[in-house]
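The values are calculated or read from the model by the stated rules, or taken from the named source; none is laboratory data. Keep in mind the model is a prediction, meaning the values are calculated, not measured. Please note: Cβ atoms are built from the backbone with ideal geometry, for glycine as well, and neighbour counts cover all protein chains shown.
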Amino acid sequence: MKLKYINQIRANLSITANKKTSNILDGTYKSVYRGKSMNFENLREYVIQDDVKDIDWKASSRSGSLLVKQFIAEKKHNILLVMDSNKSMDGDSLLGDSKKEVALYSAGTLGYIAIKNGDYVGMVIAQENGSNYKPFKYDLYSLERYLTEYESTPLTAITSPLEASLNYICRNIKRKMIIFIITDLKGLNSMSNKILKETSSLHDVFAISISDASITGDNSFDLDNNHYIPQIFREDKTMANIEANVKKEVLEKNEKRMKKYKIDMVSIDDKNQIPLKIVELLERHSYAGNR
């Protein structure tokens, strides 16, 4: 089986932003999700996101540079990727990438890092005819199959596939998990306070929101009403400002709502932002003391 998505994710991590991105992401992931029992692995150079408590001062003195201890958790984590398949995911992100594609590569990046760190990765695809649950695995070939299945999943017009999927998770998956909900503004709005409260009381929960394209862009298409936005609206600067303000308000409202239930969240505008936005998300969780 060819690792089409995994190979692209691996390549993107090696070239995105700077050469340290992949190491920072890997180190941030480990520092946030340490198990109860830790084994020393090796030493590496200190980066600004590291906890100063992990600095090995004796080794640093001998080498002439700051070195931190790396540990491996004996306890494995269960990482569940919850993928939105609402029709709105068929649109573009603010910077022009397909929202569904951004969601896929966000999930793939998280899954790749988790498996590299020895954790299990599962997926739930929210669908019209029920939740498609993919069991926890710890190999990249399984992750590739999950990503391929999400890519081929038809998008649904039902109001809230995420609500049903989170209900399914709370009722049927009986293990402690770290859940990443990957959706857009419409998906965020679709989840009730009740299900967010219940899910976050049982598990560590994160949210990734894929931004929406502006209606004032070239050839903007209205997915709900199945037609292109008239040119008179696309060129209206007042309309553009109103739209931007409404989206900002909705995003801020959902950020506050997520924070109430200790759910950390970031918004992603295109594929290039994924690695650094995931670092930002994990750091927020670490700084908030939610470990």
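Summary of values
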quantity	calculated
Some residue of the range 263-272 being at pLDDT 80 or above, under 14 Å from the mean Cα position of the chain (by Cα) and in a helix (DSSP H, G or I)	yes
Residue satisfying condition, being closer than 27 Å to LEU3 by Cα and part of a strand (DSSP E or B), within set GLY122, GLY96, GLY108, GLY118	GLY122
Residue satisfying condition, being surrounded by 18 or more Cβ atoms within 10 Å (Cβ to Cβ), over 30 Å from ALA244 (Cβ atoms), of a type in the set (D, E, K, R) and touching a strand residue (DSSP E or B) at 6+ places or on another chain (Cβ under 9 Å), within set ASP54, ASP50	ASP50
Long-range neighbours under 7 Å by Cβ, at least six apart or interchain, first residue among the polar types (S, T, N, Q) within the range 262-285, second modelled with pLDDT of 90 or more and part of a loop (DSSP other than H, G, I, E, B)	SER267/SER211
When residues of the range 158-213 are limited to those that are among the hydroxyl-bearing types (Ser, Thr, Tyr) and out of contact with any Leu (no Cβ under 7 Å at 6 or more places or on another chain), the one surrounded by the most Cβ atoms within 10 Å (Cβ to Cβ)	SER165
Checking GLU74 against (1) at pLDDT 90 or above; (2) of a type in the set (Asp, Glu); (3) out of contact with any helix residue (DSSP H, G or I) (no Cβ under 9 Å at 6 or more places or on another chain), the condition it does not meet	(1)
Odd one out for SER85 among (1) of a type in the set (Gly, Ala, Ser); (2) under 17 Å from the mean Cα position of the chain (by Cα); (3) more than 20 Å from SER165 (Cα to Cα)	(3)
Elements of type helices (runs of 4 or more DSSP H) in the range 161-204, at least 2 residues being of a type in the set (Lys, Arg)	193-202
Lone qualifier among ASP224, ASP212 - being farther than 16 Å from LEU95 by Cβ, in contact with a helix residue (DSSP H, G or I) (Cβ under 9 Å, 6 or more places away or on another chain), of a type in the set (Asp, Glu) and modelled with pLDDT under 90	ASP224
Test: residue in the range 75-90 that is buried (at least 24 other Cβ atoms within 10 Å of the Cβ) and hydroxyl-bearing (Ser, Thr, Tyr)	yes
Condition met for TYR133 (at negative phi, surrounded by 14 or more Cβ atoms within 10 Å (Cβ to Cβ), in a helix (DSSP H, G or I) and assigned by TED's automatic domain parsing to the domain that holds SER190)	no
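Here's the yes/no breakdown for (1) in a strand (DSSP E or B); (2) more than 30 Å from LEU188 (Cβ to Cβ); (3) modelled with pLDDT under 65:
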{"site": "TYR29", "(1), (2), (3)": "no, no, no"}
{"site": "GLY35", "(1), (2), (3)": "no, yes, yes"}
{"site": "PHE40", "(1), (2), (3)": "yes, yes, yes"}
{"site": "ASP50", "(1), (2), (3)": "no, yes, no"}
{"site": "ALA59", "(1), (2), (3)": "no, yes, no"}
{"site": "SER65", "(1), (2), (3)": "no, yes, no"}
{"site": "GLN70", "(1), (2), (3)": "yes, yes, no"}
{"site": "LEU80", "(1), (2), (3)": "yes, no, no"}
